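K.L.:
This is the structure I want to talk about, given as structure tokens.
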Amino acid sequence: MLASDYSALLDHTRRVTFLDDGQSVLVTRGSGRLFDVETGCELAPEIAEIPWDRAATELAGYPDYMTKEIHEQPATLRRIAATSRHHVRQLAALIGQARDVFVIGCGTAGHAALAEQYLLARIAEHRVTFATASEFQYLQDFVTRGSLVVALSQSGETIDVIDAVRAARGRGASIAAVVNVEGSTLWRFADHAVPLMAGPERCVLSTKTFAAKLAILMLTAYELARQGDVGCACIINAADEIERLLAGDRRDLIRRIADEISTRDHLFVIGRGPSYPLALETALKVKEVSYVHAEGFAGGELKHGVIALIEPGTPCLVLAPRDETHDDILAGAMQVKARGAMLIGVSPEPHEAFDYHIAVADLGPATAIVNAVPGQVLGYYLALLRGHDPDKPRNLAKSVTVK
């Protein structure tokens, strides 16, 4: 059996062999033989044991994997807070020692990487540079010996990420990986790998691994600031708040909002500062699963062209945590409200501009983890209302392994 992600094999086996560059495998009925491509010599395969069990891949009473994995986020966050300190301290040390640091990823992982740029600046007063992995080759002239590239990936097989870290290694950089699949190509390539410990993620959309990436990166920032215990407490608080959000009236409110906007052609999401990557991620979740055209914007960019897209009734989701961006993002919300937008506020407190208010607790920097969840749930309900399978959106693959 062959797979790009070993979670697909768990129904059949927990024993796997990873192929390295320059290797090929001849698969026949009942066996597989490993060869060196250059010499043609047969190799003895190294057998690894998958750290996940089959039960983790079962629906366990949930209607689909997207629902299951959204609800697994609190347990994932608590696991990270309880067991990740050693790995995170090492990553923080590497970041502190590096001449310069680049954080890269694609899609959802890219949004987590962008969030890290804000989190490290706010929590640890440390500068890193974000780059989309597929664009990193055009910035690699800045990578030198002494640089550190931190690569984020759920699968560890994303081709754009693999190509980026190979190019960086060729220029003398060290590689750190934050990855969910232990033993994957990125895991084996990295000088230091941090496991996300999110367990198998079967839905094509990333939900719990996004929360896990934010948690790992937030803890890294706190460790760099020598406040690791504070960071762990923040992660646990985020887990508790997500659990409350998913179990209470707020989930029903999001369902009603989805019903209200399910026939609309567009949805816009705005945020500022650390909420800007969350705006991008919320929009991505909605368009991936429901096929509604959704776009995330930095709130300050509204007046630079975006506001021309607002028409009466256009739904606009506003991420308004109680931080230094609060007044500015509400000012932007009032601007789109004046043009007729229907505002959905995600904020600790209501505001006169909001047509709907999804209340979230004020958890400081950890609010970013919680604020990702309303968008996940909204996208899910929009998909159902529009007749789409939330686990298998069209044209998408879980692991992007080809150019």
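K.L.:
Quick one: would you say Val161 is assigned by TED's automatic domain parsing to the domain that holds Leu205 and in a helix (DSSP H, G or I)?
P.N.:
In short, yes.
K.L.:
Given (1) modelled with pLDDT of 90 or more; (2) surrounded by 20 or more Cβ atoms within 10 Å (Cβ to Cβ); (3) not in a loop (DSSP other than H, G, I, E, B), identify the lone condition not met by Ala331.
P.N.:
Among (1) modelled with pLDDT of 90 or more; (2) surrounded by 20 or more Cβ atoms within 10 Å (Cβ to Cβ); (3) not in a loop (DSSP other than H, G, I, E, B), the lone unmet condition for Ala331 is (2).
K.L.:
If you don't mind, there's one more thing I want to ask. Could you tell me whether any residue of the stretch 315-323 is among the β-branched types (Val, Ile, Thr) and over 30 Å from Asp5 (Cβ atoms)?
P.N.:
So far as the stretch 315-323 goes, yes, one or more of its residues are among the β-branched types (Val, Ile, Thr) and over 30 Å from Asp5 (Cβ atoms).
K.L.:
Okay, moving on. Taking helices (runs of 4 or more DSSP H) that fall entirely within the stretch 62-158, which contain at least 2 residues that are modelled with pLDDT of 95 or more and over 27 Å from Val204 (Cβ atoms)?
P.N.:
Those helices (runs of 4 or more DSSP H) span 73-83, 85-97.
K.L.:
In addition: His71: loosely packed, with under 12 Cβ neighbours inside 10 Å, in the same structural domain as Ala215 (by TED's automatic domain parsing) and either charged (D, E, K, R) or closer than 25 Å to Ile369 by Cβ (or both), yes or no?
P.N.:
no
K.L.:
Still on this structure, I have one more. Which numbered condition trips up Arg251, out of (1) touching a residue at least 60 places away in the same chain (Cβ under 8 Å); (2) within 18 Å of Ala109 (Cα to Cα); (3) surrounded by fewer than 23 Cβ atoms within 10 Å (Cβ to Cβ)?
P.N.:
Among (1) touching a residue at least 60 places away in the same chain (Cβ under 8 Å); (2) within 18 Å of Ala109 (Cα to Cα); (3) surrounded by fewer than 23 Cβ atoms within 10 Å (Cβ to Cβ), Arg251 violates only (2).
K.L.:
Could you list, in sequence order, the residues of the stretch 2-36 that are outside any helix (DSSP H, G or I), under 34 Å from the mean Cα position of the chain (by Cα) and free of Cβ contacts under 8 Å to residues at least 12 places away in the same chain?
P.N.:
Matches in the stretch 2-36: Ala3, His12, Asp21.
Condition check ((1) touching a Cys at 6+ places or on another chain (Cβ under 7 Å); (2) surrounded by 15 or more Cβ atoms within 10 Å (Cβ to Cβ); (3) more than 30 Å from Leu245 (Cα to Cα); (4) in contact (Cβ under 8 Å) with a residue 12 or more places away in the chain) across all residues:
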residue	(1), (2), (3), (4)
Arg79	no, yes, no, yes
Thr83	no, no, no, yes
Arg99	no, no, yes, yes
Cys106	no, yes, no, yes
Ala115	no, yes, no, yes
Arg122	no, yes, no, yes
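K.L.:
Also: Which one is surrounded by the fewest Cβ atoms within 10 Å (Cβ to Cβ) among residues in the stretch 349-364 that are in contact with a Pro (Cβ under 7 Å, 6 or more places away or on another chain) and not aliphatic (A, V, I, L, M)?
P.N.:
Asp362
K.L.:
Here is a further query. Examine the stretch 366-375 for a residue that is over 18 Å from the mean Cα position of the chain (by Cα) and either part of a helix (DSSP H, G or I) or in contact (Cβ under 8 Å) with a residue 40 or more places away in the chain (or both), and state whether such a residue exists.
P.N.:
no
K.L.:
Related question: I'd like to know if the stretch 256-272 contains one or more residues that are among the aliphatic types (A, V, I, L, M), surrounded by fewer than 24 Cβ atoms within 10 Å (Cβ to Cβ), farther than 30 Å from Ala98 by Cβ and touching a Phe, Trp or Tyr at 6+ places or on another chain (Cβ under 9 Å).
P.N.:
yes
K.L.:
Return yes when Ala341 is in contact with a Cys (Cβ under 9 Å, 6 or more places away or on another chain) and farther than 24 Å from Ala247 by Cβ and no when it is not.
P.N.:
It is true that Ala341 is in contact with a Cys (Cβ under 9 Å, 6 or more places away or on another chain) and farther than 24 Å from Ala247 by Cβ.
K.L.:
Which residues, taken from the stretch 200-239, are surrounded by fewer than 21 Cβ atoms within 10 Å (Cβ to Cβ), in a loop (DSSP other than H, G, I, E, B) and at pLDDT 95 or above?
P.N.:
If the condition is that a residue be surrounded by fewer than 21 Cβ atoms within 10 Å (Cβ to Cβ), in a loop (DSSP other than H, G, I, E, B) and at pLDDT 95 or above, then Ala225, Arg226, Gln227 are the ones that fit.
K.L.:
Quick one: count up the residues across the stretch 188-199 that are over 17 Å from the mean Cα position of the chain (by Cα) and not in a strand (DSSP E or B).
P.N.:
Residues in the stretch 188-199 being over 17 Å from the mean Cα position of the chain (by Cα) and not in a strand (DSSP E or B): 4 in total.
K.L.:
Turning to a different aspect of this structure: With the structure loaded, tell me whether Leu317 is surrounded by 23 or more Cβ atoms within 10 Å (Cβ to Cβ) and either assigned to a helix (DSSP H, G or I) or under 20 Å from the mean Cα position of the chain (by Cα) (or both) or whether it fails that test.
P.N.:
Spelling it out, Leu317 is indeed surrounded by 23 or more Cβ atoms within 10 Å (Cβ to Cβ) and either assigned to a helix (DSSP H, G or I) or under 20 Å from the mean Cα position of the chain (by Cα) (or both).
K.L.:
I would also like to ask the following. Any chance the stretch 90-112 includes a residue that's among the aromatic types (Phe, Trp, Tyr) and more than 26 Å from Gln227 (Cβ to Cβ)?
P.N.:
no
The values are calculated or read from the model by the stated rules, or taken from the named source; none is laboratory data. Worth saying up front: this structure is predicted, and the values here are computed from it rather than measured. Please note: Cβ atoms are built from the backbone with ideal geometry, for glycine as well, and neighbour counts cover all protein chains shown.
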